[in-house]
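Please read the structure below before turning to the comments.
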Amino acid sequence: MLREVTATRYVTPLREGGSLPGIVEADDLGTYVMKFTGAGQGRKTLVAEVICGELGRRLGLRVPELVTIELDPVIGLAEPDQEVQELLKASGGLNLGMDYLPGSLGFDPLAYEVGAAEAGRVVWFDALINNVDRSWRNPNMLVWHGDLWLIDHGATMIWHHNWPGAEASAAKPYNASDHVLAPFAPDIAAAAAELA
Ligand SMILES: Nc1ncnc2c1ncn2[C@@H]1O[C@H](COP(=O)(O)OP(=O)(O)O)[C@@H](O)[C@H]1O
Ligand SMILES: [Mg+2]
């Protein structure tokens with residue numbers, strides 16, 4: 001079960017990603033990156049975020065806390081941006097939130113060294129969940145207080161968008177050539193022995 005909070009203020013949109021998540025404040029005085037059920041990507045990407053994010057956490061990988069955020073669309077009335085206002089209006093009720101890591105930096109493979117063991121655990125995990133979104137163009141990892149944190153597991157479990165082809169899709173080997181941690185000599189065998 002995820003902890004439940006209620007949004008009290010929409011702060012600002014995050015435009016780096018594709019789904020227009022927003023930073024919101026909530027009634028527990030926390031700050032969250034909110035993913036909206038009304039976004040074009042649809043609810044299945046949020047289902048994937050929850051399942052894969054929590055799976056990663058249980059495997060000992062660092063994933064910021066996930067919560068459900070109750071949204072009263074009235075919050076959007078004061079929003080000057082039309083696109084944001086539409087998104088808030090379409091997302092009344094339960095949405096997904098991830099604890100906001102203040103001062104974190106987007107992962108840069110030229111600026112941050114990852115050990116073979118940790119790289120192996122991340123690549124192994126991404127193969128398990130069929131994550132197609134951890135490339136150097138779009139690493140979906142943050143560096144915070146000197147540690148690597150995994151975010152954005154929306155583009156995973158690709159098979160759950162097409163159940164008739166799911167078995168064949170799951171049996172296909174994972175192509176890690178584009179993975180942002182591929183250059184760090186990921187020790188996949190050690191990760192598999194530890195995590196499988
Ligand atoms: N928990 C977080 N703390 C700080 N910044 C975050 C967090 N989650 C996401 N971001 C920032 O917001 C951007 C978009 O978030 P992401 O989850 O990747 O959404 P999208 O599905 O749109 O790609 C990230 O690239 C990152 O810069
Ligand atoms: Mg992203």
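The values are calculated or read from the model by the stated rules, or taken from the named source; none is laboratory data. Being a predicted model, the structure only gives us computed values, none of them experimental. For neighbour counting, all protein chains shown are included, and Cβ atoms are generated from backbone atoms with ideal geometry for every residue, glycine included. For accessibility, only protein heavy atoms count, side chains too; no ligands or nucleic acids. Shrake-Rupley method; radii C 1.70, N 1.55, O 1.52, S 1.80 Å.
I'm checking my understanding of the structure. Among residues of the range 142-153 that are within 15 Å of ligand 2 (Cβ to nearest atom), assigned to a loop (DSSP other than H, G, I, E, B) and open to solvent by 30 Å² or more (accessible area, probe 1.4 Å), which one is farthest from Leu46 (Cα to Cα)?
Going through the qualifying residues, I end up with Ile151.
Quick one: which of Ala127, Ala116, Ala90 is over 26 Å from Asp187 (Cα atoms) and in contact with a Phe, Trp or Tyr (Cβ under 8 Å, 6 or more places away or on another chain)? Give the steps one after another, and end with the answer.
Working: Ala127 fails: over 26 Å from Asp187 (Cα atoms); Ala116 fails: over 26 Å from Asp187 (Cα atoms).
Selected residue: Ala90, the only one of Ala127, Ala116, Ala90 that is over 26 Å from Asp187 (Cα atoms) and in contact with a Phe, Trp or Tyr (Cβ under 8 Å, 6 or more places away or on another chain).
Pick from the range 128-141 the residues that are of a type in the set (A, V, I, L, M) and buried (at least 18 other Cβ atoms within 10 Å of the Cβ): which of them is farthest from ligand 1 (Cβ to nearest atom)?
First pass over the range 128-141, keeping only residues of a type in the set (A, V, I, L, M): 128-129, 132, 141.
Cutting the leftovers down to buried (at least 18 other Cβ atoms within 10 Å of the Cβ) gives us 128-129, 141.
On the way: Leu128: 19, Ile129: 15, Met141: 9 Å.
If we take residues in the range 128-141 being of a type in the set (A, V, I, L, M) and buried (at least 18 other Cβ atoms within 10 Å of the Cβ), then Leu128 is farthest from ligand 1 (Cβ to nearest atom).
Quick check: anything in the range 35-55 in contact with a Phe, Trp or Tyr (Cβ under 7 Å, 6 or more places away or on another chain), among the aliphatic types (A, V, I, L, M), away from ligand 1 (no atom under 12 Å from the Cβ) and touching a residue at least 12 places away in the same chain (Cβ under 8 Å)? Steps first, answer last, please.
Of the residues in the range 35-55, the ones in contact with a Phe, Trp or Tyr (Cβ under 7 Å, 6 or more places away or on another chain) are none.
No - not one qualifying residue is present in the range 35-55.
Hey, could you check the range 76-112 for residues that are closer than 19 Å to Lys44 by Cβ and among the hydrophobic types (A, V, I, L, M, F, W, C) and say which is most open to solvent (accessible area, probe 1.4 Å)?
Leu94
May I ask you to list pairs of residues, at least six apart or on different chains, whose Cβ atoms are under 7 Å apart, with the first in the range 137-161 being on the phi < 0 side of the Ramachandran plot and the second being of a type in the set (Gly, Ala, Ser) and part of a strand (DSSP E or B)?
Pro139/Gly106; Leu142/Gly106
Taking Ala117 as meeting all but one of (1) within 16 Å of ligand 2 (Cβ to nearest atom); (2) in contact (Cβ under 8 Å) with a residue 12 or more places away in the chain; (3) surrounded by fewer than 16 Cβ atoms within 10 Å (Cβ to Cβ); (4) not acidic (Asp, Glu), write down the number of the exception.
Of the numbered conditions (1) within 16 Å of ligand 2 (Cβ to nearest atom); (2) in contact (Cβ under 8 Å) with a residue 12 or more places away in the chain; (3) surrounded by fewer than 16 Cβ atoms within 10 Å (Cβ to Cβ); (4) not acidic (Asp, Glu), the odd one out for Ala117 is (1).
Given Arg57, Arg137, Arg121, which one is touching a helix residue (DSSP H, G or I) at 6+ places or on another chain (Cβ under 7 Å) and of a type outside the set (Val, Ile, Thr)?
Numbers: Arg57 fails: touching a helix residue (DSSP H, G or I) at 6+ places or on another chain (Cβ under 7 Å); Arg137 fails: touching a helix residue (DSSP H, G or I) at 6+ places or on another chain (Cβ under 7 Å).
Just one listed residue meets the conditions, Arg121.
Take residues that are in the same structural domain as Glu16 (by TED's automatic domain parsing) and tell me which of the helices (runs of 4 or more DSSP H) falling wholly in the range 29-141 contain 3 or more. If you could, list the steps in order and put the result at the bottom.
Details: elements: 43-58, 82-89, 116-129.
The helices (runs of 4 or more DSSP H) meeting that bar are 43-58, 82-89.
Could you please tell me which pairs satisfy a Cβ distance under 8 Å, a separation of 6+ or placement on different chains, a first residue in the range 162-178 that is within 26 Å of Arg137 (Cβ to Cβ), and a second residue that is part of a loop (DSSP other than H, G, I, E, B)?
Going by the 8 Å Cβ cut-off, the qualifying pairs are Ser169/Asn130; Ser169/Asn162; Ala170/Asn130; Tyr174/Asn130; Ala176/Pro186; Asp178/Trp136.
When only residues in the range 56-75 that are free of Cβ contacts under 8 Å to residues at least 12 places away in the same chain and closer than 17 Å to Arg3 by Cα count, which is least open to solvent (accessible area, probe 1.4 Å)? Step through it out loud before you land on a result.
The initial filter retains those residues of the range 56-75 that are free of Cβ contacts under 8 Å to residues at least 12 places away in the same chain, namely 57-58, 74.
Next cut, closer than 17 Å to Arg3 by Cα only: 57-58.
Working: Arg57: 74, Arg58: 175 Å².
Per the stated criteria, the residue is Arg57.
Considering only residues that are in contact (Cβ under 8 Å) with a residue 40 or more places away in the chain and near ligand 1 (Cβ under 10 Å from one of its atoms), which ones fall in the range 4-15?
If the condition is that a residue be in contact (Cβ under 8 Å) with a residue 40 or more places away in the chain and near ligand 1 (Cβ under 10 Å from one of its atoms), then Pro13 is the only one that fits.
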